[in-house]
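Inspection log for the structure reproduced underneath, given as structure tokens.
The values are calculated or read from the model by the stated rules, or taken from the named source; none is laboratory data. Treat the numbers as computed from the prediction; the structure is a model and nothing was measured. Here the Cβ positions follow ideal geometry from the backbone for every residue, glycine too, while neighbour counts run over all protein chains shown. Just so you know, the surface numbers come from the protein's heavy atoms only, side chains and all, with ligands and any DNA or RNA stripped out. Shrake-Rupley method; radii C 1.70, N 1.55, O 1.52, S 1.80 Å.
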Amino acid sequence: ITPDRVLPAVFGPIQAYWKDGVLYVIWNTLTEENCKEYTVEGSMDGKNWKALGTVLSKAKGGTSTTPLDYEFSTGAGALAVAGMGLAALLLLPAVRGRSSRWLLAVAAVLTIAACSKKMTDEIAAGEKPAYIRIAQKDINGTVSYSKVIKVEKE
């Protein structure tokens, strides 16, 4: 006889779709127990999975008995980082010190480079994953998975 195991998160509906080249994943949990974070994973074949990004649990202390809504997208963070790099470049003429200008220029270039690498890493070589699953990680490090869903096309 084994004791009943409480599931760390009970998933509600999960939806994944492409819009304007950005992958959106929306889901909710009905309950959460000792939950730390969720990692959205993508796959082209439903067998080989690649982490696309992580979302922290919204549950206070990792536990919630009420439904919580989550969303993840591949492009939003990268666009924000690119915007910061562009802002740094625009501020360049306003900076007076030579060393400050140099540092600001390097920071802008590195920010934009990191942005493009992040997008390349998220969606392997421009390929769009056909399947999505969500890995739920407990506070103690145990991982469990949502069902696999097919990504809706643009």
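Data table
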{"quantity": "Unique match (being within 30 Å of N140 (Cα to Cα), at pLDDT below 95, open to solvent by 30 Å² or more (accessible area, probe 1.4 Å) and out of contact with any helix residue (DSSP H, G or I) (no Cβ under 7 Å at 6 or more places or on another chain)) among K47, K118", "calculated": "K47"}
{"quantity": "Subset of region 18-28 (residues that are open to solvent by 20 Å² or more (accessible area, probe 1.4 Å), at pLDDT 95 or above and not β-branched (V, I, T))", "calculated": "Y24, N28"}
{"quantity": "Yes/no for T2 being surrounded by 18 or more Cβ atoms within 10 Å (Cβ to Cβ) and either at pLDDT below 95 or in a strand (DSSP E or B) (or both)", "calculated": "no"}
{"quantity": "In region 54-69, the residues that are open to solvent by 20 Å² or more (accessible area, probe 1.4 Å) and not in a loop (DSSP other than H, G, I, E, B)", "calculated": "T54, V55, L56, K60, G61, L68, D69"}
{"quantity": "Verdict on T31 being exposed (fewer than 13 other Cβ atoms within 10 Å of the Cβ) and either among the aromatic types (F, W, Y) or without any contact (Cβ under 8 Å) to a residue 40 or more places away in the chain (or both)", "calculated": "no"}
